[in-house]
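These notes are about the structure you will find just below.
We did not get these values from a lab; they are worked out from the coordinates using the rules stated. These figures come from a predicted structure and were not determined experimentally.
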Amino acid sequence: MSDIVKDATLYRIKQIELAEAEYYKTLVKTLDKIEREVISLVSTLPLTDGKLVELQSAIAIRPQIKAILEREYLAWSDTVVRTGFNKQAKRIEKAFKRIGNIPLAFQEITKGDLALIQNLKQQFFTQFKDVSNTFTRKLAEKVYTNTLVGSNFTVLEKELRQTINGIYASADDVEAQKLVSYINRNKFNKSKKAQVDKSIQTLQSKFARDRAGENMKRYAGQILNDSLRDFDATLTFNKSQDAGLTFVKYYGDIIPTTRRICRNVISGVYNKRKNGLFTIDEVNKLWSSTRWKGKKSGNPLIVRGGYNCRHQWSYVNPDWYDEAGELII
């Protein structure tokens, strides 16, 4: 017999993954455009023998950098929080209706849910905006510092490109650019993970690209990941609380990079019941007493395994399960 709770939860998770992959593609295009426009802008700075020389021009360029990021990146961010969140809210509603077994009023999106959705949109858009403000400052500082010391323009250009796109910055080298394009196209293709990892290693070793570091793409990609999943978790948590569902079950794939806490919960290491259910209080105690890399502060029902976690809780009634732990609804 099909487990409709599991199926409904995996449906939510799958749709988030699809949405993230789609928005990541548009993020790549957005950041590539920002990179081109910023480089085009700074190429107008006065040079003497190929070196930056005029501090006043370097200072004056900051508002123009800010305008580029706001026009391109914040427009992309707005699409994520408006369209992306609305679509996921509808999927949550669909999942609740599919499970049923709770009053209809709690299966549907209510006025209270709509108010919460609006607040979450504002909250996550602020996080995206913080990235825009942070990297406006970082890019402007790169221009000022390199002008102050009289750097060659090519030095500034490389620093700006990598501050925006990190390892995926545009390059004149045809082979490097092919690797960047391949990685961007296949980042979310599970069947090509090995090839993508190999391409990244080649960029790091052969082309001296540093995968770590503070670049705009890294931070924007993380907020994209976390915002979609935290939105889903927050709305699901609040709807379930309203419906009186106080037991939860953890769902999602186990892959090589899965954190130990998530792996143990899903595989039953911490199980106290045959059906694998936890009370909310049990989850809070487990999360507060366990440490792991990438852990986020906050409600464990919302932050789950931490940064970039791809698992989700589903809320249930223990009466839905028989003595053997099988779902009977």
Scattering profile of the range 30-115 from the Debye formula, Cα beads only, expressed as log10 I(q)/I(0) at q = 0.12, 0.21 Å⁻¹, is -0.59, -0.98
Expressed in angstrom and ordered largest first, the alpha-carbon extents of the range 255-310 along the principal axes are 29, 25, 17
Binned at 5 Å starting from 0, the alpha-carbon pair-distance distribution of the range 203-329 in whole percents comes out as 2, 9, 17, 21, 18, 13, 7, 5, 3, 2, 2, 0
Rg from C-alpha atoms of the range 1-46, normalised by the globular rule of thumb 2.2 N^0.38 Å, equals 2.14
The chain, Kirkwood Rh and Cα Rg, ratio Rg/Rh at 1.05
